[in-house]
Structures are given as C-alpha cells and as structure tokens.
Ligand code: ADP
C-alpha cells in the first residue's frame, strides 16, 4: 500500500485540511511488470527470425551462395522464418482482439463429437508419421455445446497438436469425450515428455515454454495455451492441465452443455 497526502485548499487558497490517498500498488505493479515482460518477449520473438532472414538475405545478395542447391536451402530458411513471424503476428492479433473484447463470437450449436472427429482427421497424418497410437471411442450420445465452432476447433487442434508434438514417436494419445453433470468434458491425454512440476503453474502464461528450443523447433509460438484458455473462458468453459515429467500430460476441456435437450433439437433441428 502506498500512502500519500496533499493539502486541501478552498477557493481562497486557504488550507482547510489534508487529503490522504491510500493506494494498493501491488496489483498495479504486478500488471506493469507483466506488461513490460510481454513487450520484451514480443520484441525478442520477432527479432530472432528477423535476424536470420536479414543475414541469409545479405549473404545471398553479396553473391556468397553460388550453388543452386544451397540457394534453395537459404530460401527455404528465409521462407520458414517469415512464416514463423506471420504466425506470431496472427496469434498476437488474436490475443489483442480478445483482450479488447473485439472478437465476434458466433453463437451456434456445436456437435462436439463431430468436431472432435474432424480435428482427429485433420491431424491423422501427423500422428501416423510419428507412428503414434491414437485411441478414441466416440460417445454414443450426441453432445452439444454452444458457441463459435472455428474457435473451439482451434482449441482442440491446439491441445491435440501439443500432445503430438511433445510425445515421442510410438507414443500414445488418448481422447475421451463424455457428459458430466452440467458439462461436456473432452480429455486429450498423452504419454509424452510431460511438464516438470515447477513449470506447471506457468504454462498458460503468454510465451512461457518449458523448453524454448524444442518449442521453436516444432514451430510453436508459446501463445497456444493462453489463446486456448481465453477462448474457453469466453465460452463459459474451462481448461485444465495435469502433467508429470516423463510420464505424460492430460488436458481437460469442459464446455457447458447446450440448454435444449436432445429430443427437442432432434424435433426442431439445430438452429438456435
Ligand atoms: P507452444 O507453441 O510452445 O507449444 P503452448 O502455449 O501451446 O506453446 O504451450 C506452452 C508450453 O507448455 C510448451 O512450450 C510446452 O513446454 C508445454 N506443453 C504444452 N502441452 C504439452 C504436452 N502435451 N506435453 C508436454 N508439454 C506441453
């Protein structure tokens, strides 16, 4: 708490008393530190690919690379670093839009089992290429929530691709979708590298990565989980992550169930 005071004067400029100001600065300072760290992180994350692009381009311009194969290699590095910057900017814009409540969310019924299936199909190729085992038993009943399907798809894809990324070849990824009391729970579980307990509280922070080099190598921006959490919150849902180092990670997404019961929807169709 910061205390300060100033004299209070009336219209004749005579001192009539003192004004005391008590301010809780801890919260303010905390926010200020977070803001400064964020700016430092953004600058660093943008500077790294930019430095690579610049030095590769300069080398080529100076005529230092004659070999056409080498030239191709240089160009593909430049291309992928430019892609990284584009991803970063896209993620930052999305976060900023959500921060300023500028995101226009669709309000539509979402068929969660269909959507889960769709994301699994999207990632099927990557899972196969790592020789990972995918275990998923779709629920028999229809499970519906409400909201922006593209955004929820983005959340599921993000969690799923983390599970794939941070699980070695031949690993196993299990997916469960079930109804709980008031919500639908979608669980994605892997038996990959896991997260050390000291890092766990921070993984939802923007740019926080347990292993920066590994994440970067995999094309990660370190913003995925914070975006996912923000989308879930905007949908009245929650996102929980449990993990043990060298054992694996379990992420549970909980969505509010759509108000209408299934019979009514079957009778009247899916429109809101
Ligand atoms: P990134 O783009 O680095 O994947 P995320 O915000 O999605 O960023 O995740 C933050 C960090 O949390 C990752 O860098 C990684 O260290 C850790 N992490 C997330 N999911 C998993 C997982 N399934 N297994 C192990 N570590 C994970």
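Derivation of every value follows stated rules applied to the coordinates shown; laboratory data play no part. Computed from a prediction, not measured in an experiment: that's the story for all the values here. Here the Cβ positions follow ideal geometry from the backbone for every residue, glycine too, while neighbour counts run over all protein chains shown.
Classify segment 87-236 as rounded, prolate or oblate from the Cα gyration tensor: take a ≥ b ≥ c as the square roots of its eigenvalues, call it rounded if a/c is under 1.5, otherwise prolate when a/b beats b/c and oblate if not. Here segment 87-236 falls in the oblate category.
Applying 0.36 nm per residue to the separation of residue 14 and residue 181 and subtracting their alpha-carbon distance, the gain on full extension is 53.5 nm. Distance distribution P(r), segment 7-63, all Cα-Cα pairs, bin width 10 angstrom from 0: 18, 18, 16, 16, 13, 9, 8, 3 percent.
With all pairs of separate Cα atoms included, segment 3-100 yields a Kirkwood hydrodynamic radius of 18.4 Å. Note on residue 172/residue 39: beta-carbon distance plugged into 1/(1 + (r/R0)^6) with R0 of 35 Å gives a FRET efficiency of 0.30.
Projected onto planes of every orientation and averaged, the convex hull of the alpha-carbon atoms in the chain covers 24.5 nm².
For segment 74-165, the square roots of the Cα gyration tensor eigenvalues, ordered a ≥ b ≥ c, give a/c of at least 1.5 with a/b no greater than b/c, which places it in the oblate category. Given R0 = 25 Å, the distance between the Cβ atoms of residue 86 and residue 245 translates into a calculated FRET efficiency of 0.15. Once you reduce segment 103-127 and segment 1-26 to the center of their Cα atoms, the two points are 57 Å from each other. Determine the shape class of segment 141-190: with a ≥ b ≥ c the square roots of the Cα gyration tensor eigenvalues, call it rounded for a/c under 1.5, and otherwise prolate if a/b is greater than b/c, oblate otherwise. Verdict is oblate for segment 141-190.
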